[in-house]
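As structure tokens, the structure follows; a few thoughts come after it.
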10 protein chains.
Amino acid sequence: MSIPEITQKLLASKKEKGLSFADLEKILGRDEVWIAAVIYRQASASPQEAKLLVEALGLDANYIEELTQYPIKGLGPVVPTDPLIYRFYEIMQVYGMPLKAVIHEKFGDGIMSAIDFTLDVEKEEDPKGDRIKVIMSGKFLPYKKW
Amino acid sequence: MSIPEITQKLLASKKEKGLSFADLEKILGRDEVWIAAVIYRQASASPQEAKLLVEALGLDANYIEELTQYPIKGLGPVVPTDPLIYRFYEIMQVYGMPLKAVIHEKFGDGIMSAIDFTLDVEKEEDPKGDRIKVIMSGKFLPYKKW
Amino acid sequence: MSIPEITQKLLASKKEKGLSFADLEKILGRDEVWIAAVIYRQASASPQEAKLLVEALGLDANYIEELTQYPIKGLGPVVPTDPLIYRFYEIMQVYGMPLKAVIHEKFGDGIMSAIDFTLDVEKEEDPKGDRIKVIMSGKFLPYKKW
Amino acid sequence: MSIPEITQKLLASKKEKGLSFADLEKILGRDEVWIAAVIYRQASASPQEAKLLVEALGLDANYIEELTQYPIKGLGPVVPTDPLIYRFYEIMQVYGMPLKAVIHEKFGDGIMSAIDFTLDVEKEEDPKGDRIKVIMSGKFLPYKKW
Amino acid sequence: MSIPEITQKLLASKKEKGLSFADLEKILGRDEVWIAAVIYRQASASPQEAKLLVEALGLDANYIEELTQYPIKGLGPVVPTDPLIYRFYEIMQVYGMPLKAVIHEKFGDGIMSAIDFTLDVEKEEDPKGDRIKVIMSGKFLPYKKW
Amino acid sequence: MSIPEITQKLLASKKEKGLSFADLEKILGRDEVWIAAVIYRQASASPQEAKLLVEALGLDANYIEELTQYPIKGLGPVVPTDPLIYRFYEIMQVYGMPLKAVIHEKFGDGIMSAIDFTLDVEKEEDPKGDRIKVIMSGKFLPYKKW
Amino acid sequence: MSIPEITQKLLASKKEKGLSFADLEKILGRDEVWIAAVIYRQASASPQEAKLLVEALGLDANYIEELTQYPIKGLGPVVPTDPLIYRFYEIMQVYGMPLKAVIHEKFGDGIMSAIDFTLDVEKEEDPKGDRIKVIMSGKFLPYKKW
Amino acid sequence: MSIPEITQKLLASKKEKGLSFADLEKILGRDEVWIAAVIYRQASASPQEAKLLVEALGLDANYIEELTQYPIKGLGPVVPTDPLIYRFYEIMQVYGMPLKAVIHEKFGDGIMSAIDFTLDVEKEEDPKGDRIKVIMSGKFLPYKKW
Amino acid sequence: MSIPEITQKLLASKKEKGLSFADLEKILGRDEVWIAAVIYRQASASPQEAKLLVEALGLDANYIEELTQYPIKGLGPVVPTDPLIYRFYEIMQVYGMPLKAVIHEKFGDGIMSAIDFTLDVEKEEDPKGDRIKVIMSGKFLPYKKW
Amino acid sequence: MSIPEITQKLLASKKEKGLSFADLEKILGRDEVWIAAVIYRQASASPQEAKLLVEALGLDANYIEELTQYPIKGLGPVVPTDPLIYRFYEIMQVYGMPLKAVIHEKFGDGIMSAIDFTLDVEKEEDPKGDRIKVIMSGKFLPYKKW
């Protein structure tokens, strides 16, 4: 789970500039999670988006090119060891089959797209302890028959 | 990924009775995903909840006991092969690190609880194809120092 | 890689009746590979399709119900050991990255859907040895930005 | 899944020259997927093919030698994590047994060669969304008895 | 690595009849290793071969059908634990790359077919200890370019 | 499956000198597969053999020492991905148990040594396509009782 | 299980200064195990804690920044090979289910938090051989129903 | 992670009798976690302890014999999927190296025994949420030199 | 790691008869570890040895046949979880390379046979705690050159 | 299974000095296998032992420090591929359960310590081929009850 060099560079500049992902969201007009995905080289930006990002971070223009390329995606370790990421893996270990049952009942045989897909994170303030809200929205894709 | 016998029995009765998970939601006063988790033996019901469920499905009272036990949880295969469940695994492979970065920035060092946690599924109607909305809400747990 | 009981039953009847997958294709009005997928419980039939299939095989009507259910999909062993199936795994080991490069160049960042997807097998007669032609067609799904 | 240095070099030159794989297809008289396989060091070129490729990319002649060598082939990770490549792995998880059944019925006991084998990618324009067509053609190899 | 029931049945009859694999070789006109492969359900016999085998073993005719089917092939455990079989795995761990180098030099880029393939075992008597001679012969398959 | 530096160096010199493994066989008086095993650091040469090899390749004498050392042996990846090497792995997946049965019948309980062992490769010319002949000869080692 | 450079640097300085973890405990006002976790980059310090640590070790102030970052956590190898760490893994292999049974009986369905969690090590002097006492204390988190 | 039949039988009787592990602790004069380990067949009882346990549960005397046997120990899955047990695995992933460092500093080169070892669970009442306290005590075993 | 039925039967009779492995050693004239290996179906007995063993245990003569067959050997789980067996695995993890270095220095390039091999267990009484002495003796097999 | 730099350095000096492990045994007054374990960084020396070793090898005094540190132990690959080391792994695959049975019968429920443990290698001259004798001696540790 080594972090690519370009990612390290961008994160360092972001820190130095004191910019949050939310700040970048306003500058690029894209969601902060998606922007983080571009920085971690899991998503590809358009030249215009890459330019806005690189300029916001005060970096050299030659980073633009790399951010528009189509990366080889994926985290690496089969079972993630980082506790934050593991919890999402565990959620699927525990609630995967129940989720499948409910989705099939509501939609029929098919899947939720992980490509035509958005992912948002919100903070829910709560006196008993703040909560993390993660909202996934993916197009339902019914299995084609042929 | 073999389905426990009690799960098969409950699902068969549910089908015969023509009850949806949403119907059970109204009867038990619990979310349909959580009820599906009880049926798949990934969550344990209170005696009262188990009674309501077993009666709604027209089954023998001796199923009540089993539904209140604390199950050994987990799906089994390290990498799930069912395409619907795999997509959620892939989402973490692709968006795991970006998500971690955004959560840490918003909340600090800690995790989203997978225990003090809820999971909802909604159908978003969309002329370009309906969308599946999955909403997770977990308490933020900051790492304790000692 | 154990074969489900219903699959064994259906294949035995198909053999006894002397029906080829191509014959079933004519009866159901669906492609033979998809019909084989229904028989191997990797795809779900409509009640009408299930009825046609069960009747063609001269089987009891109570198989119809099971063929319409949404199965837990997947072959099982991580690396398949059967030589015929392994060759397709090897093709991706060898040609996976070249294929990715060509698809990205032609279509941009996205994937080929394995859900909105068809798979056909044809026999190409050839004096130097017949050839197997496998044609996959999947909708291109561009990565959504948000 | 690290990309070999020579591959990076060739892809960079290809980009700089503004050449598509389809352009290289015309120059070398070989299919674009096969050319991509040579570039990713999964296939070996003849000296003449290597020369045409290296010259088209405006690179030094000392790359020719390396492109004619017989590489150690294979992608690396047992289960690919890149979503585009994973979909092809999933196709075999889901449709592997049905495909085996249909091929055996049409051809007898044997396999489709992954060596005497071609792989083409075509774009099917479709108003509901363009489709990727992947055509594989491999010689049928019957199991020898002895 | 559980042995299929039919295999156990055939081996038991073979033992009872006092027939060696070499005896079966004479009866079927096929090599003893191939016959053993049929018995272990790794190869499929013609109806005539199956009949000869079943009759030689004095078994019921209804075994004939099963021996002509195309089996799902493969041993099971990724790394074999039985010492006799492991040695062949070790041979490839140790001599795999040297073998590849010599074959490529003699034949070019391609592989030895494991389908158009024969395997013989001979006993070499030797005063210092008998030797097992294993002779593999597979068609060379050159990589196709396209 | 990274190639050791010394192996790369030796193979480069061998290529430059235009020497085949068969040529080295004549120079060293050892089989070409064994010589390839020395070059890939899977076998250790005597000082005299190492000297002959290093001189034939026109290399510096300080390589001699390294070639006489006892290497840590083994290929690396549990299931080889290179198609040529995989075929030998597949042969054991398919024919491992039949081979075990025939060897036990001919020799009793024991194994074929992979240490007191030779491996030869021959080219069988054949109008229907040349064949690769691989001949293994290993001492039979009966299990000791005590 | 490679040790990060910063960890090596800190441990070297700690050794040179002749400081024990217990000494650092007094300086930082934090438990020695937690401080070791910061040094091994499994926990993140506050700027003040990082400053105290870096100064105690006589290191350059630019290490402070890195120690406050949120690390990607986890040891690496699935089954640890170091005997000291393996024993704790074995304890869970052997006593995991009994522990689960006792915790569920005392607390109900839920888990022990590994986040709101402390870990202490004490030395119990004992004439028959000193004992290591490891005390874990984690908040009980009951499974939420929804 | 299937539960042995004898374990299921004992747990069912324990439930029917309304006995807690703490009750059994008083009857046997052994810690409740150790008794749970006997019930889960991870520890072996003396005939006297087995007799007390079987009688307390009102079961047939022929269970006594089995509880005194030395079991094959271990949980099974390499990475546990049950969230409660996983947390202890995660603790070692995160705090394993820091723990090793502190233990080595306090005791020298050696390990904590997992055999001469005790494990206790206590409930710490806490207004902010009860805490689970797990106390492990193992003999320090220094590495022998010879 | 399931125990074969015949093993369970033999062990039960051995217990009932009150015979130790050492008693069987006297009856068969073979070492107790080897006899245990026959009982666990990891070694094959001669008809005479099988007869002596079966008679000593007072069992039916039809067990004799099975004990003379050549078993599929191996324990099963890649990394053993039983603590007693794991320690031997750990010994190789820790002392494997040093052992290799010493053996190569004393004997040259080769291995210790695990076939022409004996294994004895002795009890060393010691006031500080009895010791288990395990003595392995295997023929040195030098690597053949050819 | 990469060899640490310090190990390579020590082994090179040992070779240059023409010292065998047996020579070092005399100089340090420790067994040769244990000394090899120090050199391979699987065991830690006292400052005095490290000094003797470093001086015997004619190396710089700054190696002394490193040899006294407590290493992260373990070989690496789950299943060793080097044939010499694999044979010991195989011995446990084949004789692990028989060994467990004999040890339990002689000693009761417990294990052989791999920490309070010695390992010796002896050469047994034998006209039929020399034998390697490996003697392990570990303290018996009975499972504690509590």
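The values are calculated or read from the model by the stated rules, or taken from the named source; none is laboratory data. Bear in mind that the values here come from a model prediction, so they are computed numbers and not experimental data. We place every Cβ from the backbone using ideal geometry, glycine too, and count neighbours over all the protein chains shown.
In the range I:23-58, how many residues are surrounded by fewer than 18 Cβ atoms within 10 Å (Cβ to Cβ) and assigned to a loop (DSSP other than H, G, I, E, B)?
Summing the residues that are surrounded by fewer than 18 Cβ atoms within 10 Å (Cβ to Cβ) and assigned to a loop (DSSP other than H, G, I, E, B) in the range I:23-58 gives 3.
Please go through the range J:128-141 and give me each residue that is more than 7 Å from every other protein chain (Cβ to nearest Cβ) and modelled with pLDDT of 95 or more, ordered by number.
Within the range J:128-141, no residue meets the criteria.
Just to be sure, is residue A:138 at positive phi and not assigned by TED's automatic domain parsing to the domain that holds residue A:22?
No: the conditions fail for residue A:138.
Quick one: would you say residue E:15 is part of a helix (DSSP H, G or I), basic (Lys, Arg) and within 11 Å of another protein chain (Cβ to nearest Cβ)? Write out each step before concluding.
Values: part of a helix (DSSP H, G or I): yes; basic (Lys, Arg): yes; within 11 Å of another protein chain (Cβ to nearest Cβ): yes.
In short, yes.
Are any of the residues in the range H:82-100 surrounded by 16 or more Cβ atoms within 10 Å (Cβ to Cβ), of a type in the set (Val, Ile, Thr), touching a residue at least 12 places away in the same chain (Cβ under 8 Å) and touching a helix residue (DSSP H, G or I) at 6+ places or on another chain (Cβ under 7 Å)? Even if it seems obvious, please write down each step before you answer.
Within the range H:82-100, the subset surrounded by 16 or more Cβ atoms within 10 Å (Cβ to Cβ) is H:82-100.
With the extra rule that they be of a type in the set (Val, Ile, Thr), the set shrinks to H:85, H:91, H:94.
Filter once more, keeping what is touching a residue at least 12 places away in the same chain (Cβ under 8 Å): none.
For the range H:82-100, residues surrounded by 16 or more Cβ atoms within 10 Å (Cβ to Cβ), of a type in the set (Val, Ile, Thr), touching a residue at least 12 places away in the same chain (Cβ under 8 Å) and touching a helix residue (DSSP H, G or I) at 6+ places or on another chain (Cβ under 7 Å): absent.
Kindly list the number of the only condition in (1) in a loop (DSSP other than H, G, I, E, B); (2) surrounded by fewer than 22 Cβ atoms within 10 Å (Cβ to Cβ); (3) not aliphatic (A, V, I, L, M) that fails for residue G:133.
For residue G:133, the failing item is (1).
Out of the residues in the range E:101-113 that are surrounded by 23 or more Cβ atoms within 10 Å (Cβ to Cβ) and within 22 Å of the chain's Cα centre (by Cα), state the one that is farthest from residue E:33 (Cα to Cα).
For the range E:101-113, the residue satisfying everything is E:111.
Just give me the residues in the range I:30-51 being among the acidic types (Asp, Glu) and away from chain J (no Cβ under 14 Å), in sequence order.
I:49 - this is the single residue of the range I:30-51 that is among the acidic types (Asp, Glu) and away from chain J (no Cβ under 14 Å).
Would you please name the residue that is nearest to the other protein chains (Cβ to nearest Cβ), looking only at residues in the range A:59-87 that are among the hydroxyl-bearing types (Ser, Thr, Tyr) and assigned to a loop (DSSP other than H, G, I, E, B)? Walk me through it before giving the result.
So the first thing to find is which residues in the range A:59-87 are among the hydroxyl-bearing types (Ser, Thr, Tyr), and the list is A:63, A:68, A:70, A:81, A:86.
Retained after the next criterion (residues that are assigned to a loop (DSSP other than H, G, I, E, B)): A:68, A:70, A:81.
Details: A:68: 9, A:70: 5, A:81: 3 Å.
Step by step, filter the range A:59-87, then rank; the result is A:81.
If the requirement is being more than 14 Å from chain F (Cβ to nearest Cβ), in contact with a strand residue (DSSP E or B) (Cβ under 9 Å, 6 or more places away or on another chain), closer than 20 Å to residue I:98 by Cβ and not polar (S, T, N, Q), which of these qualifies: J:54, J:121? Full working, then the answer.
Values: J:54 fails: in contact with a strand residue (DSSP E or B) (Cβ under 9 Å, 6 or more places away or on another chain).
Just one listed residue meets the conditions, J:121.
Just one of (1) within 14 Å of chain J (Cβ to nearest Cβ); (2) under 30 Å from residue E:143 (Cβ atoms) trips up residue F:22, so point out which.
(1) is the only condition that residue F:22 fails.
Search the range G:91-116 for residues being more than 7 Å from chain H (Cβ to nearest Cβ) and either small (Gly, Ala, Ser) or part of a strand (DSSP E or B) (or both), and hand back the single one that is farthest from residue H:2 (Cα to Cα).
The extreme case among them is G:116.
Conditions (1) under 30 Å from residue B:76 (Cβ atoms); (2) out of contact with any helix residue (DSSP H, G or I) (no Cβ under 6 Å at 6 or more places or on another chain); (3) not hydrophobic (A, V, I, L, M, F, W, C), marked per residue:
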| site | (1), (2), (3) |
| --- | --- |
| H:2 | yes, yes, yes |
| H:16 | no, yes, yes |
| H:21 | yes, no, no |
| H:30 | no, yes, yes |
| H:33 | yes, no, no |
| H:39 | yes, no, no |
| H:47 | no, yes, yes |
| H:50 | no, no, no |
| H:54 | no, no, no |
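Restricting the range B:136-146 to residues that are part of a loop (DSSP other than H, G, I, E, B) and charged (D, E, K, R), which is surrounded by the most Cβ atoms within 10 Å (Cβ to Cβ)?
B:145
Being in a strand (DSSP E or B), in contact with an Asp or Glu (Cβ under 8 Å, 6 or more places away or on another chain) and of a type outside the set (Val, Ile, Thr) is the filter here, so list the residues in the range C:120-130 that pass it.
C:120, C:123, C:124
Residues checked against (1) more than 30 Å from residue B:93 (Cα to Cα); (2) among the charged types (D, E, K, R):
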residue	(1), (2)
D:24	yes, no
D:37	no, no
D:44	yes, no
D:54	yes, no
D:60	yes, yes
D:76	no, no
D:87	no, yes
D:109	yes, yes
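With respect to the numbered conditions (1) within 22 Å of residue H:107 (Cβ to Cβ); (2) of a type outside the set (D, E, K, R); (3) at pLDDT 95 or above, which one is the sole condition not fulfilled by residue G:52?
Tallying (1) within 22 Å of residue H:107 (Cβ to Cβ); (2) of a type outside the set (D, E, K, R); (3) at pLDDT 95 or above, residue G:52 fails exactly one: (1).
Criterion first (surrounded by fewer than 21 Cβ atoms within 10 Å (Cβ to Cβ), under 26 Å from residue G:77 (Cβ atoms) and without any contact (Cβ under 8 Å) to a residue 12 or more places away in the chain) does residue H:78 satisfy it?
Considered against the rule, which asks whether it is surrounded by fewer than 21 Cβ atoms within 10 Å (Cβ to Cβ), under 26 Å from residue G:77 (Cβ atoms) and without any contact (Cβ under 8 Å) to a residue 12 or more places away in the chain, residue H:78 comes out as yes.
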